[in-house]
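First the structure, in the form of C-alpha cells, and then the observations on it.
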Amino acid sequence: MPLILFNKPFQVLCQFSGQDGRETLANYLDIPNIYPAGRLDADSEGLMLLTDDGKLQHQIAHPDHKEAKTYLVQVDGVPDAAALTRLQAPLDLGDFVSKPCRAVRIAEPGWLWPRNPPIRARADKPTGWIAITLEEGKNRQVRRMTAAVGLPTLRLVRSSIGPFSLATHPLMPGQFIEVRYPPA
C-alpha cells in the first residue's frame, strides 16, 4: 500500500488518461494501480498524494476527515488586514459558502521553484503572497475566494496536506517519493 507524495507541475492534468496531447500524471508516475487522493486543477502546482488503498484515499480526500491543506497564493495586489479577515470568515461564493479558514500574509517563499512559464509581471501593479489553510476543497475554491476579496490569484501552490509538506519533503516539480501513512 504505497502512499506517494508528488509535486505536480503547472499545466499537468490530475489524471492518468491522456487528453489532447496534454501532460498527465502518467508522464511522471509509472506505478501501477495508484490513484490521486484529491485533485489540483491544471493551473495549480504542488503537493498531491496518490495511493492504491481506497480507504486511505477516501480518508485523505473526503472533507469529513478534515485533512488541512495549505496553499501558497501569489495574488494580484497587496493583501491588507481587511482582505485577510474576509478570507478567514465564511465567504459566499454563489454556489456555496466557504468554511472559516486560516489566511495570513507571507513573504514569497525562498524555497519555491520558478514557475514555467513565469507569471506575467506588471511594473505598476504589485503582488503579494498569502498562505491559506482549508479543511475543505471545492472546485477552484482558493482562486474564487481571493477573487471575491479583490485579489485575483496569479499563482497557486499547494504546500501541505495533513502531516505532509513540501517544506519537510522538498520535491521539485515532477518528482515524487514513497512515504508511510501515518508518518512515523
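The values are calculated or read from the model by the stated rules, or taken from the named source; none is laboratory data. Everything quoted here is computed from the prediction, not taken from an experiment. Glycine gets a Cβ as well: all are built from the backbone with ideal geometry, and neighbour counts include every protein chain shown.
Annotations for the structure displayed:
- Listed by first and then second residue, the pairs linking a residue in the stretch 124-153 that is assigned by TED's automatic domain parsing to the domain that holds Arg86 and at pLDDT 95 or above to a residue that is buried (at least 17 other Cβ atoms within 10 Å of the Cβ) and among the aromatic types (Phe, Trp, Tyr), with Cβ atoms under 6 Å apart and 6 or more places separating them unless they lie on different chains, are Ile132/Tyr71; Val142/Tyr71.
- Looking across the stretch 103-136 at every residue that is more than 13 Å from Ser159 (Cα to Cα) and β-branched (Val, Ile, Thr), the one that is surrounded by the most Cβ atoms within 10 Å (Cβ to Cβ) is identified as Thr127.
- Some residue of the stretch 76-88 being assigned to a strand (DSSP E or B), in contact (Cβ under 8 Å) with a residue 12 or more places away in the chain and within 19 Å of Arg140 (Cβ to Cβ): yes
- Selection of the stretch 9-22 for residues being surrounded by fewer than 17 Cβ atoms within 10 Å (Cβ to Cβ) and at negative phi yields Gln15, Phe16, Ser17, Gly18, Gln19, Arg22.
- Condition met for Gly38 (crowded, with 16+ Cβ neighbours inside 10 Å, assigned to a loop (DSSP other than H, G, I, E, B) and in the same structural domain as Gly174 (by TED's automatic domain parsing)): yes
- Verdict on Gln59 being assigned by TED's automatic domain parsing to the domain that holds Val179 and either in a loop (DSSP other than H, G, I, E, B) or not hydrophobic (A, V, I, L, M, F, W, C) (or both): yes
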